[in-house]
Amino acid sequence: MSLLFRKPTIFNAKNVLLRQNDVQILLLTSKNFSAVPTIYDGESDPAPKFFSSNVQVLLKRLTRPDFNKVFRKRTNSGFPVLKTPQYKFLTTEQLEAEVAKSRARADQLLQMPPVVKVQTHIKEVLSRDPALIGFDTAKYMFTDITLGVDNQHRIIMERDTDGVLQSCDPDVRKRLNQIYFPIKGRKIKEPVMFTDPERFNSLLDREQYEFVLDRACIQYEPDEPSYQKITSVAYQHVDSRKNYGLLRSTRHFGPLTFYLTWHLSMEGLLLELLQNNVIREAVLLVALRQEVHGDVANGSAAQGLVAEIMNTPIQLSKPESLTEEDIQLDTKCIDCIEQYISANSSMKSQQELALQGFREFYQQLIDLSRGVRKAHGNA
């Protein structure tokens, strides 16, 4: 292990904490939006629920991956110049192999940021040396710069002016790790877009949610209070404006859905699914709530439908025709959602109206599909 001894420049940690507190307060309101930043700091740890296999499957399916959006052109300045597309003649086997590669690449791009409990720092005092009191007016930092050591477990200690040798605060640890082992895109100082409330609220008002969340993932760790406050405000802004579609088919839709479900605020998302005639994803959302909280009256019925829904293709657009198997499955989904609205929903009137609209649309689609089959002699 190699140690690097360094006497740091003057760093006022108190001002950083005050600035973070200012951001927490000033980010609450804008012209047409108000929110309270929240963090996962309760007794319950969201990580075991979030990383469970059942929840991951539900979140990935609710993300509704659309290759057209996943592989869309982006104008980020750090990206290389777009290359000229190549056109190839492929056999069926080669085409299937290329599609498999695209799916693997899409899974990589849609990898969700983890949802974990906020970090708790416990001061670890190694020694107290009263003889060093008054030796200097600045702290001394001791950093292990051994290559291959994870930044989270890297030994970083500070010698205070009162002679106490102890572990440093997470903010100081993060700064020193960034100095010696910089992460591309991360700044030592917080970006102005996060520290200036007007700029942050302007980005939200312009619905630049993906940009805000991508930048937050680069700048902060998932267990940092600043990261969880910023993302929670962004999620609440998305929910207040019903702009779920802007994050759908991105890596942030899963954490958004989990956040709303964890805080029992997923009724707006459920309403949006019903209004867009995506009844199967509505059942998956109910099953997600059952997995997280276990308080759904017909939770077992919703969980029983998950396996059947997973065997069907992802619905990226309204279906033009239905098979009898589709009709049977969707009828079960309608009954499941009807029971949920009756027993658990906090937006009963709106969701009942949306479900009734879906029933009418679906009945017309059933009549059309059966009429077409009958005209072709397949009834």
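The values are calculated or read from the model by the stated rules, or taken from the named source; none is laboratory data. Note that the coordinates shown come from a computational prediction; the quantities given were computed from them, not determined experimentally. Using ideal geometry, Cβ is built from the backbone for each residue, glycine included, and neighbour counts are taken over all protein chains shown.
Examine segment 108-125 for a residue that is at pLDDT 90 or above, assigned to a helix (DSSP H, G or I) and under 26 Å from P46 (Cα atoms), and state whether such a residue exists. Within segment 108-125, one or more residues are at pLDDT 90 or above, assigned to a helix (DSSP H, G or I) and under 26 Å from P46 (Cα atoms). Flag: T161 does not match the condition of being over 30 Å from R74 (Cα atoms), without any contact (Cβ under 8 Å) to a residue 40 or more places away in the chain, surrounded by fewer than 12 Cβ atoms within 10 Å (Cβ to Cβ) and of a type outside the set (A, V, I, L, M). Among the residues making up segment 315-361, those that are hydroxyl-bearing (S, T, Y) and more than 32 Å from the chain's Cα centre (by Cα) are S321, T323. Residues in segment 341-363 that are over 18 Å from Q328 (Cβ atoms) and without any contact (Cβ under 8 Å) to a residue 60 or more places away in the chain: I341, S342, A343, N344, K348, S349, E352, L353, Q356, E360. Within segment 61-86, the set of residues being part of a loop (DSSP other than H, G, I, E, B) and either aliphatic (A, V, I, L, M) or modelled with pLDDT of 90 or more (or both) comprises R64, P65, D66, V81, L82. In segment 226-244 there is no residue that is within 30 Å of R373 (Cα to Cα), free of Cβ contacts under 8 Å to residues at least 12 places away in the same chain and out of contact with any strand residue (DSSP E or B) (no Cβ under 6 Å at 6 or more places or on another chain). Restricting attention to segment 314-334, the residues that are of a type outside the set (S, T, Y), farther than 13 Å from R280 by Cα and exposed (fewer than 13 other Cβ atoms within 10 Å of the Cβ) add up to 3. Only residues that are loosely packed, with under 14 Cβ neighbours inside 10 Å and closer than 19 Å to P319 by Cα were counted in segment 343-371, giving 10.
Quick grid of which residues meet (1) under 13 Å from the mean Cα position of the chain (by Cα); (2) more than 24 Å from V55 (Cβ to Cβ); (3) modelled with pLDDT of 90 or more:
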site	(1), (2), (3)
I156	no, yes, yes
K187	no, yes, yes
T195	no, yes, yes
F200	no, yes, yes
L204	no, yes, yes
E207	no, yes, yes
D214	yes, no, yes
I230	yes, no, yes
K242	no, no, yes
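If the condition is being touching a Leu at 6+ places or on another chain (Cβ under 9 Å) and over 19 Å from I337 (Cα atoms), then segment 354-365 contributes only L365. The single condition from (1) modelled with pLDDT under 50; (2) in a loop (DSSP other than H, G, I, E, B); (3) surrounded by 14 or more Cβ atoms within 10 Å (Cβ to Cβ); (4) not β-branched (V, I, T) that M1 fails is (3). Of the helices (runs of 4 or more DSSP H) lying entirely inside segment 202-308, those containing at least 2 residues that are small (G, A, S), out of contact with any Leu (no Cβ under 9 Å at 6 or more places or on another chain) and surrounded by fewer than 22 Cβ atoms within 10 Å (Cβ to Cβ) span 225-241.
Condition check ((1) touching a Phe, Trp or Tyr at 6+ places or on another chain (Cβ under 7 Å); (2) among the acidic types (D, E); (3) over 30 Å from H153 (Cα atoms)) across all residues:
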{"position": "D205", "(1), (2), (3)": "no, yes, yes"}
{"position": "R215", "(1), (2), (3)": "no, no, no"}
{"position": "R241", "(1), (2), (3)": "no, no, yes"}
{"position": "P255", "(1), (2), (3)": "no, no, no"}
{"position": "L274", "(1), (2), (3)": "yes, no, yes"}
